[in-house]
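Chemist: Sharing a structure below in structure tokens format, with a few things to ask.
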Amino acid sequence: MEAIRIIQGCKENQPWAQKALFEQLAPSMIMVCRRYTGNLPDAEEVMLSGFMQFFLKIHLFEYRGEGSISAYLRRIMIHESLMHLRKQPNITEQEIEDTLVSEEQDPLDRLSTAEIMELITRLPTGYRTIFNLYVIDGMSHREIADLLHIKEGTSKSQLSKARRLLQQMVIKINNHGITT
Amino acid sequence: MASQHKHNSTHQKDNQKGDQQDPFNQIQNTKDQALSKRILELRAENYDTAKGWEKLSGRLPVKSTEVPVQQLAPPSDSQRPQQKKSRPLLSFWKMAVAAMVLLAAGFIVGRYSNWHKTGNQGR
């Protein structure tokens with residue numbers, strides 16, 4: 001079905017359009033939320049809340065091609081995920097000790113996308129949030145600092161530690177295999 | 001596509017301002033973009049959208065087409081408070097007008113009876 005028709009239907013509060021949009025985009029949006037929350041049950045709650053916000057404030061959305069819907073929804077999902085994480089204490093504080101890992105080659109290159117996703121969800125909340133915002137969702141350190149009310153330097157150092165921890169996790173997987 | 005473009009531009013801003021103009025960081029940015037693209041393409045294909053929709057639809061407000069039917073129906077309890085707000089004001093004006101009419105009527109009757117009495121005495 002045409003995206004513009006679905007959006008028009010959603011703007012008219014038509015359940016068939018809302019359902020069509022949900023069925024089309026929920027599988028990718030739940031992955032966005034899972035990247036931030038780190039687990040599936042919380043991710044689903046956050047995603048449903050994000051869709052609610054989207055449908056309630058759809059009059060603010062301006063259709064600019066098919067990609068604009070998922071981009072707009074993704075921003076809502078990130079916002080909802082951060083709201084969810086704010087309820088948890090100390091999201092940006094250092095949660096693990098630093099360890100030195102060689103930076104000569106990126107061990108992430110050897111893993112599948114699903115495996116990398118799994119590792120991202122296993123990062124401590126603070127590292128995971130900054131890694132997601134910077135690396136995956138393409139925000140600058142300044143934007144992250146404004147969003148999380150932290151210093152730009154804190155964002156940079158947390159990102160660096162997140163990268164090192166990820167590399168460390170990959171090395172462990174290579175030595176012992178992935179454990180669930 | 002748009003998000004990927006944003007990804008490039010925001011990180012370029014960071015690079016211009018900061019200490020990241022060295023080749024290592026350029027390589028890192030390219031790797032980040034590739035990783036971002038891979039991750040953003042991920043979909044939870046096993047996610048039960050029917051169950052999800054069932055949960056979501058229960059929380060969504062009722063379809064807007066039901067509004068005209070409600071408008072045709074007699075005013076509901078939720079609409080009554082608005083009418084109650086205007087009622088005290090309206091009754092105040094009604095009372096004021098009624099009082100003025102009564103006063104005027106009393107004045108005219110009084111004047112007439114007075115004129116009638118004095119008129120009779122004069123004769």
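Chemist: Looking at this model, which pairs from A:LYS156/B:LYS51; A:LYS87/B:LYS51; A:LYS151/B:LYS51 are more than 32 angstrom apart at the alpha-carbon? Could you put the intermediate results ahead of the total?
Modeler: Working: A:LYS156/B:LYS51 40 Å; A:LYS87/B:LYS51 26 Å; A:LYS151/B:LYS51 41 Å.
As for pairs spanning more than 32 Å Cα to Cα, those are A:LYS156/B:LYS51; A:LYS151/B:LYS51.
Chemist: Taking chain A as a Gaussian network, where each spring joins two C-alpha atoms under 10 Å apart, which residue of A:ASP42, A:ASP109, A:ASP137 fluctuates the most?
Modeler: A:ASP109
Chemist: Which whole-Hz ³J(HN,Hα) couplings does region B:29-45 yield from phi under the Karplus relation 6.51 cos²θ - 1.76 cosθ + 1.60, θ = phi - 60°, glycine and proline marked x?
Modeler: The phi angles translate into 4, 4, 5, 4, 5, 5, 5, 4, 4, 5, 5, 5, 7, 5, 9, 7, 5 Hz.
Chemist: Follow-up. Taking each residue of A:33-40 in turn, how many C-beta atoms of other protein chains fall within 10 Å of its C-beta, and what is the average?
Modeler: On the way: counts 1, 3, 3, 0, 0, 0, 0, 2.
Other-chain Cβ atoms within 10 Å of each residue's Cβ, averaged: 1.
Chemist: May I ask for the distance between the Cα centers of region A:111-151 and region B:29-50, given as a whole number of Å?
Modeler: Between the Cα centres of region A:111-151 and region B:29-50 lies a distance of 14 Å.
Chemist: Let me ask something additional. Other chains near B:42-52: what is the mean number of their Cβ atoms within 10 Å of each residue's Cβ? Can you show the working numbers first?
Modeler: Numbers: counts 11, 7, 12, 2, 1, 11, 3, 8, 3, 1, 10.
That average works out to 6.
Chemist: Counting only complete DSSP H runs, which helices of chain A cover 15 Å or more along their long axis at the Cα atoms and score a mean Kyte-Doolittle of 0.5 or above?
Modeler: Working: long enough: A:15-37 (29 Å, 0.02); A:40-56 (24 Å, 0.75); A:66-86 (31 Å, -0.02); A:152-176 (36 Å, -0.80).
Qualifying helices, which must be both long enough and hydrophobic enough, are A:40-56.
Chemist: Could you give log10 I(q)/I(0) at q = 0.08, 0.11, 0.13, 0.19 Å⁻¹ for chain A, computed by the Debye formula over C-alpha point scatterers of equal weight, without solvent?
Modeler: Here the Debye-derived log intensity ratios amount to -0.30, -0.54, -0.72, -1.23.
Chemist: What Rg and what Dmax come out for region A:9-91 when only alpha-carbon atoms are used, in angstroms?
Modeler: 12.9, 42
Chemist: Need one number: nm distance between label points at A:ARG86 and A:GLU12, each 7 Å from Cα along Cα→Cβ, rounded to one decimal.
Modeler: If labels sit at A:ARG86 and A:GLU12, their model points lie 3.7 nm apart.
Chemist: Amide H to amide H under 5 Å from A:MET139: which residues, 5+ apart in sequence or cross-chain, H placed 1.01 Å off N in plane?
Modeler: A:TYR134
No value in this document is a laboratory result; all are computed from the given coordinates. Not measured: the values here are computed from a predicted model. When we count neighbours, we look across all protein chains shown, and the Cβ atoms used for this are built from the backbone with ideal geometry, even at glycine.
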